[in-house]
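Encoded as structure tokens, the structure appears first; notes follow it.
The values are calculated or read from the model by the stated rules, or taken from the named source; none is laboratory data. Keep in mind the model is a prediction, meaning the values are calculated, not measured. Note that we place each Cβ from the backbone using ideal geometry, even for glycine, and neighbour counts take in every protein chain shown. Surface areas here come from the heavy atoms of the whole protein model, side chains and all, with no ligands, DNA or RNA. Shrake-Rupley method; radii C 1.70, N 1.55, O 1.52, S 1.80 Å.
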Amino acid sequence: MSINRKIFFDTVRTSLFNSRLSADQVKGIEAIISKFEKLDARWLAYALATAYHETGGKMVPVSENLNYSAKGLRVTFPKYFSVADAERYARKPQAIANRAYANRNGNGPESSGDGWRYKGRGLVQITGRDNYAKYGIADDPDKALKPDVATAILFDGMTSGKFTGKKLSDYFGVGTDWVGARAIINGTDKADKIAREAKLFYAAILAAKGA
């Protein structure tokens, strides 16, 4: 059964978007629905919740905000910034990216600039040269900001397991694991929050299908 868009958008506007949805948000959500609509409704709900979290509710591809304070660096990247380093790097997004993402996910050392070049972009914030290369855009990483490319990456990564080796079918099959599904993208980071948001999207989908 197809999703009644009016019922769906009326529902999520209230439950997730503080009673307001911009044209861009609607367009972004519509693109995700169109990609996932024929699949399990739980898959669609979790994909929407993932994009909702990763884009800060914008629902369109975004570039990672790395303008951290010293305190923020210590909370977000404690492994890569000592107290002294955090003070030196604070509010320097390019320098922060080059240090935090150096020598991993196919990136070169801090001096290579790969950290900034392959910072997070898209609906799922892919990072690192290797992840951009998986989608053939290592030579032009800003392509991850194009809506059609970002939606395709979201779909492929979540259904095939290309991000972490975990995929939607691992968590939404015979059983349902809204919290564990965060491993598809990023371990357990904000897993409970995203699970709650996914359930709200799921409720809207069921209402829009008349279930």
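Show the residue pairs meeting these rules: Cβ distance below 6 Å; 6+ apart or different chains; first residue within the stretch 191-211 and under 16 Å from Asp10 (Cβ atoms); second residue assigned to a helix (DSSP H, G or I) and open to solvent by 40 Å² or more (accessible area, probe 1.4 Å).
Leu200/Ser15; Ala204/Thr11; Ala207/Ile7; Ala207/Thr11; Ala208/Ile7
Need at least 3 residues that are farther than 23 Å from Ile184 by Cα per element, so show me which helices (runs of 4 or more DSSP H) inside the stretch 1-118 make the cut, counting only ones lying wholly within it.
Once the helices (runs of 4 or more DSSP H) in the stretch 1-118 are filtered for at least 3 residues that are farther than 23 Å from Ile184 by Cα, what remains is 5-15, 23-36, 70-76, 83-89, 93-100, 114-117.
Check off (1) over 25 Å from Ser2 (Cβ atoms); (2) assigned to a loop (DSSP other than H, G, I, E, B) for Trp178 and give me the number that stays unchecked.
(1)
Could you give every pair whose Cβ atoms fall below 8 Å, whose first residue belongs to the stretch 68-88 and is over 21 Å from Arg104 (Cβ atoms) and β-branched (Val, Ile, Thr), and whose second residue is part of a helix (DSSP H, G or I) and open to solvent by 40 Å² or more (accessible area, probe 1.4 Å), counting only separations of at least 6 or pairs across chains?
Val83/Arg74
Given the structure, is Asp170 open to solvent by 70 Å² or more (accessible area, probe 1.4 Å) and more than 20 Å from Arg121 (Cα to Cα)?
In short, yes.
Could you check Gly106 against (1) within 25 Å of Arg182 (Cα to Cα); (2) open to solvent by 40 Å² or more (accessible area, probe 1.4 Å) and say which number it fails?
So Gly106 meets the others, but not (2).
Would you tally the residues in the stretch 2-36 being over 22 Å from Met158 (Cα atoms) and small (Gly, Ala, Ser)?
Selection size over the stretch 2-36: 4.
For the stretch 120-150, which residues satisfy the criterion of being more than 13 Å from the chain's Cα centre (by Cα) and outside any helix (DSSP H, G or I)?
Matches in the stretch 120-150: Gly128, Tyr135, Gly136, Ile137, Ala138, Asp139, Asp140, Lys146.
Pairs under 7 Å by beta carbon, first residue closer than 18 Å to Arg117 by Cβ in the stretch 142-154, partner of a type in the set (Lys, Arg) and surrounded by fewer than 20 Cβ atoms within 10 Å (Cβ to Cβ), six or more apart or different chains?
Val149/Lys143
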